[in-house]
Amino acid sequence: MKLLPNSMMHKLGSESYTNFLKDNPPVNPPTIQSAMVTSVGRNTSMAVQKYMRDHGFAKRIEGYQWEFNVVESPDVNAWCMPGGKVMVYTGILPVTKDEAGLAVVLGHEIAHAIADHGNERMSQQLAVQLGGISLAVALEQKPQQTRDIFLAVYGVSSQLGQLAYSRQHELEADKLGLIFMAMAGYDPQRAVSFWQDMALKGGNKPPEILSTHPSDERRIAQIRAFLPEAMKYYKPAQSSTTSPGNTSTPPAPSKPKTGVKIK
Ligand SMILES: [Zn+2]
């Protein structure tokens, strides 16, 4: 799969993000919940940067300018665009409940972006829908259609139908997400109860995060299987002024880290 140039994807990401915020103003002034998103977002993105540096993938996130916003919407949704532009809908907050629950979602969505899943999918869609012309040509000749594809790829709109990630992409995002949240100081074991709660939310309009190729049970089983690896990265946050999370769990003994392979 030929990846699209990151610089163009970042530009599309930041333009789309700005446009989205024009139509959907962020929660302002900040609420306790939106402040929680900002703080968990900051911790998670710092963990992502460290992980990428440590594993020789620093180039992948070159030019990332992280931004986290919360918008008022009943949709159970969250997404991350290339370049680090993250959106959380208030509709997902009753499911995430606490900081660790939020970290599950942010870790997962950020993982899709930095592992180039969205880029691959965009490239695929340009091939299928526009005959494989380059992104630059697509933007020049079919600007609206190209932007619509981009929004569908990143889970912003479902105008073009749900463009679900492959099972392999979902699993990779789940595993990387667990590592990111663990490195950010959130107990990755929290992912199990989060996905159990999400499974109950299924319904007829599944958000990206529920675009489960892996069935709920299968996904949870795979997460459980990966937890021992993720726990190696877990260091509970030192001072937990804002964290009501589980602070009684002792840090896991450090063992050699094998990590997750990023293609
Ligand atoms: Zn996903």
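The values are calculated or read from the model by the stated rules, or taken from the named source; none is laboratory data. Please read these numbers as outputs of a predicted model, since none were measured by experiment. Note: ideal-geometry Cβ built from the backbone for every residue, glycine included; neighbour counts use all protein chains shown. All accessible areas refer to the heavy atoms of the entire protein, side chains included, with ligands and DNA or RNA removed. Shrake-Rupley method; radii C 1.70, N 1.55, O 1.52, S 1.80 Å.
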Three-way shape call for region 1-82 based on the alpha-carbon gyration tensor, with the a/c threshold at 1.5: oblate
Accessible surface of region 47-113 [probe 1.4 Å, protein heavy atoms]: carbon and sulfur percent: 49 percent
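If you take every DSSP beta bridge whose two residues both sit in region 12-163, what share of them, in percent to the nearest 5, is antiparallel?
Numbers: 5 of 10 bridges.
Among the beta bridges of region 12-163, antiparallel pairing accounts for roughly 50 percent.
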Peptide ranges 170-182, 72-84, 103-115, 5-17 listed from the most packed, as the mean C-beta count within 10 angstrom indicates: 103-115, 170-182, 72-84, 5-17
Distant-in-sequence amide H partners of ASP98 (H built 1.01 Å from N, under 5 Å): none
Cα gyration tensor shape for region 35-166, rounded if a/c is under 1.5, else prolate or oblate: oblate
Separation between Cα centres of region 1-79 and region 174-188, rounded to whole Å: 17 Å
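Among residues other than ALA35 whose Cβ falls under 13 Å from its Cβ, what is the net charge (Lys/Arg +1, Asp/Glu -1)? Each step should come with its number before you reach the end.
On the way: positive: ARG42; negative: GLU99.
After counting each charged neighbour, the total is 0.
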